[in-house]
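The values are calculated or read from the model by the stated rules, or taken from the named source; none is laboratory data. Computed from a predicted model, the values in this text were never measured in an experiment. Glycine also receives a Cβ, built like all others from the backbone with ideal geometry; neighbour counts cover every protein chain displayed.
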Amino acid sequence: METAQKTFSLKGQSALITGGATGIGLAMAECMVSAGAKVILVGRGHEQQMKDACKKMGENACYYLFDVTDTSHTEEFVSRIVSEQGEITILCNNAGNHCKKSIEEMSVEDFTSVLDVHLVGAFALTKALVPHMKKNGKGNILFTCSMASYMGLPGILGYAAAKSGMLGMIRTLATEISASGIRVNGIAPGWIDTPMFHKAVDNDPARRDKILGRTPMAKFGETVDIGWAAVFLCSDAAKFINGVVLPVDGGALIGF
């Protein structure tokens, strides 16, 4: 029987994490480096933050600037990454954006701009990396889902549609490619203390109180709660977990 230290280790793994400059993506990166992985942060901005994060994490971290919605160049970008950094064994589709408007205020452009990042961009990156993972006979693809995948939350129609679409992507991909040694899973964070979260609730105290009221633990989560969950799902400790979305939410999904 292997030791816990080895089973939960990501030593020898390389993880590409989109939206890795701040919040949940950065926590995933820090936890994965701590677990032995090499991480590659990808973002369309926040270059100084990514540079600072990589300096803090050390030689096992680097970053690239890339907009995941630039899908005409995704395959070229992935080829460059693999050429310069070696094969990628973990893909964390974490990049996200937000649009908090009612349906009357939300334009078609607003709606599609959210889907383009969360769904279309994630699809394009996944499609580009799957052949590399298949060639190596192993890989983990992880999606950052949301409570909005399960609950009706007002004012975030585009975000809810995108995150709900991820559930279908996870299930379908898991049935399509896992026989090749590639596991596909997701994490549904509860309400985590991040800049995006504050943007959504800081001017809406009633919403904030409602969230706390339905969370049995009566507190917001920390980004490392998601980071360590990601390490677990991408480690050998989770080697028979496939096609699922793990809520990390303080009990919010079952709260009353």
Search result, residues across the stretch 44-78 that are over 24 Å from Gly23 (Cα atoms) and without any contact (Cβ under 8 Å) to a residue 24 or more places away in the chain: Ser72, His73, Glu76
Among (1) in contact with a Gly (Cβ under 8 Å, 6 or more places away or on another chain); (2) surrounded by fewer than 19 Cβ atoms within 10 Å (Cβ to Cβ), which single condition is Val42 missing? (2)
Among the residues of the stretch 211-256, which ones are in contact with a strand residue (DSSP E or B) (Cβ under 7 Å, 6 or more places away or on another chain), part of a loop (DSSP other than H, G, I, E, B) and aliphatic (A, V, I, L, M)? Ile241, Val244
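So that you can scan it fast, the table gives a plain yes or no per residue for (1) buried (at least 21 other Cβ atoms within 10 Å of the Cβ); (2) of a type in the set (Val, Ile, Thr):
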| residue | (1), (2) |
| --- | --- |
| Thr7 | no, yes |
| Leu10 | yes, no |
| Ala15 | yes, no |
| Ile24 | yes, yes |
| Ser34 | no, no |
| Lys38 | yes, no |
If you take the residues in the stretch 221-254 that are over 25 Å from Gly165 (Cβ atoms) and either in contact with a Leu (Cβ under 7 Å, 6 or more places away or on another chain) or modelled with pLDDT under 95 (or both), which one is surrounded by the most Cβ atoms within 10 Å (Cβ to Cβ)? Val231
Tally of residues being under 25 Å from Ile88 (Cβ atoms), surrounded by 15 or more Cβ atoms within 10 Å (Cβ to Cβ) and not polar (S, T, N, Q) across the stretch 173-191: 10
